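Working notes, structure below.
The values are calculated or read from the model by the stated rules, or taken from the named source; none is laboratory data. If you're wondering where the values come from, they're calculated on a predicted model, not measured in any experiment. Note that each Cβ is placed from the backbone with ideal geometry, even for glycine, and that neighbours are counted across all protein chains shown.
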Amino acid sequence: MITTTLIPSLVAVLAAPQPNLGFESIEPFVAPPTPVLYALPQEADGYDFSYTFLELGYAQTDLDNLSEDADNYYLAGSLGLGMFQIIAAYENTDLDVDDLSADTFRIGAGAHFGLTPSLDLQGDISWLYTDLSASNAVLEDSGSGYEIRGGLRWMALPWSNGGLELAGNILYRDHETALATSPDQFGWELQARAHIISLLSIGASYIERDGDDATVLINARVSL
């Protein structure tokens, strides 16, 4: 009898709504979604022109006042120091007339400035010293002078680890003992350089001074 009465009462108590004890139901914590970061496209860095290099070259100059062409071999170097550079060169020029031979030493300094990622404005000034020897003692001489050069370097056609560079310069030289038609000359220069790999390039130049003396030049350059 007791069991029959107790069980229905217990069921009724459990089924009745429970009193609110002051605690609200706690929702499970859900972390906010992590924002997705997208990298903005970066502008191409362009070509980094080197101003530290060693260069070995050969040039042939057609002198307007002589029937013979002058052959020139040279070794040149440049040391880049930030936006500046120090340049130096040794040149040997031979001419069949009276066995003329000239040794020219060059040292100077320059600066460069990037106008765009593929275009540099650059220029330099050099002090020149030439020692001239010949079979005719009257022609032997030595003296100094200077040369100023300025222009643009443009990476016209870049490729992986290299590219085709074009350059143009305006020149002025004042040097009485130079093998030239006149001691002071204005001129211009056009260059093309194929950067085969990042360290090695082959270049060619055409130089004309006062419309009289014309020089064709080829060289190999190791950039550091």
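Figures for the structure shown
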item	result
Members of the stretch 80-89 found to be loosely packed, with under 14 Cβ neighbours inside 10 Å and either in contact (Cβ under 8 Å) with a residue 12 or more places away in the chain or not in a strand (DSSP E or B) (or both), listed by number	G82, M83, F84
Criterion (farther than 21 Å from D71 by Cα and without any contact (Cβ under 8 Å) to a residue 12 or more places away in the chain) met by exactly one of V138, V222	V138
Which numbered condition D98 fails, given (1) in contact (Cβ under 8 Å) with a residue 40 or more places away in the chain; (2) surrounded by 19 or more Cβ atoms within 10 Å (Cβ to Cβ)	(2)
Residues of the stretch 201-213 satisfying the condition of being within 21 Å of Y74 (Cα to Cα) and exposed (fewer than 14 other Cβ atoms within 10 Å of the Cβ)	I202, Y206
Residue tally, condition acidic (D, E) and in contact (Cβ under 8 Å) with a residue 40 or more places away in the chain, over the stretch 203-219	2
Output for the stretch 125-143, where each listed residue is of a type in the set (S, T, Y) and surrounded by 13 or more Cβ atoms within 10 Å (Cβ to Cβ)	S126, Y129, T130, S133
Matching residues, the stretch 162-202, being in contact (Cβ under 8 Å) with a residue 60 or more places away in the chain and small (G, A, S)	G163, A178, A180
Residue within the stretch 109-128 that is of a type in the set (F, W, Y) and at pLDDT below 95 present	no
Residue, nearest to D131 (Cα to Cα), within the stretch 161-200, restricted to residues that are of a type in the set (S, T, N, Q) and buried (at least 18 other Cβ atoms within 10 Å of the Cβ)	T177
